[in-house]
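Okay, so here's the structure we're looking at.
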């Protein structure tokens, strides 16, 4: 019994000594993570944007059949250049030609009646002067002469109208340009009273215009940052990614917001001497909209993006980390332009995001702390 009791005492003493020894040991310190940081900088930045637009000819002119009839022939190659005044379509002219012939006959008949009326007037007037005929006879002769002269004018007007309609049976190009695919073939009934009023379209493509939309929000942002928008350095990116060689010219911004898109119409134009551009294609337009003075910039690698939300980790003057959402604009080289969420001189982490949590202390590498920054 004594031996068992002694062993128990010794075991208790050993536990006490072990616990006492543990209290005097120091736990190893966890090193602070070293995190590279960069300072939020300021600079004057050209505001550039990209828009997607559609190309149009300088003028896209519909060729409309102005008289009804059967299409007799077409005289062009679809998609080929055409010249002003070039004959493109012929509508069967027989009906219009018969109207011209009838109108000419009416002119001849009216002229004959006019000659008769003049002769009658010349015969009666001297007789009235010597009282051989009454004044009423002269009045009738004068009236017949006036009616014959009016009939001639009316007949000539009808002839002119008939000749105009005959001319409409030949559809000619109103401008130099490129003609599109035809909407009618020989034998089709065309004209205002038909199902094919528009025969084709001729586009002037020596100059090509591009129309696109500018979101009204973008417009307001630019106005807020210093006045009217001035488009400059306008360039076009073609479908194969190549830059179009000719510079763009700003034409106008629409007067009203389109209620279906919430945007303003914008039009720019490009010279097209080699016909590289054609109407109907989509094009990317790059343009400078002005200069953003004292814009805030951070490295692109400092900004995280998740489901459209952009964020950074800010390191304050006490080297503590804070998560913060930001609004970014365009990219400038390897930098993001920051619209809101940061102040000049603040520091942001540029790497090691998986190690960071709000409130933790880090060892910043890079930009020194700016203790004058106000938050």
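The table that follows gives values for the structure above.
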item: Among the candidates 233, 240, 251, residue that is in contact (Cβ under 8 Å) with a residue 24 or more places away in the chain and either under 25 Å from residue 175 (Cβ atoms) or not in a strand (DSSP E or B) (or both); result: 251
item: Which listed residue, of 258, 272, 240, is surrounded by 14 or more Cβ atoms within 10 Å (Cβ to Cβ) and farther than 22 Å from residue 291 by Cα; result: 272
item: Any hit, region 85-95, residues being under 30 Å from residue 292 (Cα atoms), touching a strand residue (DSSP E or B) at 6+ places or on another chain (Cβ under 8 Å) and surrounded by fewer than 16 Cβ atoms within 10 Å (Cβ to Cβ); result: no
item: Number of positions in region 243-255 that are within 12 Å of the chain's Cα centre (by Cα) and surrounded by 12 or more Cβ atoms within 10 Å (Cβ to Cβ); result: 4
item: Total residues in region 178-209, condition farther than 23 Å from residue 278 by Cβ and in a strand (DSSP E or B); result: 2
item: Residues satisfying the stated conditions in region 275-289, i.e. part of a strand (DSSP E or B), out of contact with any helix residue (DSSP H, G or I) (no Cβ under 6 Å at 6 or more places or on another chain) and crowded, with 19+ Cβ neighbours inside 10 Å; result: 283, 285, 287
item: Qualifying residue in region 153-173 (condition: modelled with pLDDT of 95 or more and under 30 Å from residue 282 (Cβ atoms)); result: yes
item: Subset of region 312-325 [in contact (Cβ under 8 Å) with a residue 24 or more places away in the chain, assigned to a strand (DSSP E or B) and either surrounded by fewer than 17 Cβ atoms within 10 Å (Cβ to Cβ) or out of contact with any helix residue (DSSP H, G or I) (no Cβ under 6 Å at 6 or more places or on another chain) (or both)]; result: 313, 314, 315, 320, 321, 322, 323
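Yes or no, residue by residue, for (1) part of a loop (DSSP other than H, G, I, E, B); (2) at pLDDT 85 or above; (3) surrounded by 15 or more Cβ atoms within 10 Å (Cβ to Cβ):
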site	(1), (2), (3)
337	no, yes, yes
348	no, yes, yes
354	no, yes, no
357	yes, yes, no
368	yes, no, no
374	yes, no, no
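The values are calculated or read from the model by the stated rules, or taken from the named source; none is laboratory data. Predicted model only: the values in this text are computed from it and were never measured. Note that we place each Cβ from the backbone using ideal geometry, even for glycine, and neighbour counts take in every protein chain shown.
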